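Nothing in this text is a laboratory measurement; each read-out follows from the coordinates by a stated rule. Bear in mind the structure is a predicted one, so any value in this text is a computation, not a measurement. Reconstructed Cβ throughout: ideal geometry from the backbone, glycine too, with neighbour counts over all protein chains shown.
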Amino acid sequence: MVGSLPIRYLGIPIISTKLCLCDCSPLVDKVLGRLTSRLNRGLSYTGRLHLIISILSSLQVFWASYLCLPIKILKIIERKFKSFMWKRVKGDSKGAKISWSDICLPKKEGGLGIKDLSSWNKALMIRHLWILIYGTNNLWSSWIPFLNLLI
């Protein structure tokens, strides 16, 4: 059976071109769905903080561990996190009590420990390079140099 790209594997798009905004719409929809859930309406600041740290950031990290996400998508998700943290539901994060860059600092440095999405995306992409260069004996690290020989 012959298929065509793009396809989805474990919810992540498998494409042969650069990732665009429309390819990442399932990620944004999934994050927005979790934020607007009826269960989240009565959460306090602490509850919303833990939801962002544990569940919502892990959705983005799952995608970012396989793909280099566009900056625009990361900004959209971050805007949704800000809005949820301060306003509970959809809306503008205009009433923020503390700047988002201060919140994204580690707890030891006075922040709340929320991960900066773009930094995590870069770190996960660098991890792929490290595996490629220092090659743990896996299929992916042996397959990539083979592709370079074909090109």
Completion exercise
Note on the range 1-84: contact order normalised by length, alpha-carbon pairs under 8 Å, 6 or more apart, percent, works out to 36
Exercise for the section: With label points built 7 Å along Cα→Cβ from the Cα atoms of residue 15 and residue 30, find their separation and express it in nm. Expected result: 1.6
Exercise for the section: Mind ranking 20-32, 61-73 by how tightly packed they are, going by the mean number of other C-beta atoms within 10 angstrom, highest first? Expected result: 61-73, 20-32
Fill in the blank from the handout: Between residue 101 and residue 7, the FRET efficiency computed from the C-beta separation at R0 = 35 Å comes out, to the nearest 0.05, as 0.40
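Excluding residue 73 itself, calculate the net charge of residues whose Cβ lies under 13 Å from the Cβ of residue 73, where each Lys or Arg counts +1 and each Asp or Glu counts -1. Mind showing how you got there, number by number?
Details: positive: 18, 30, 72, 75, 79, 80; negative: 23, 29, 78.
Net local charge, residue 73 excluded: +3.
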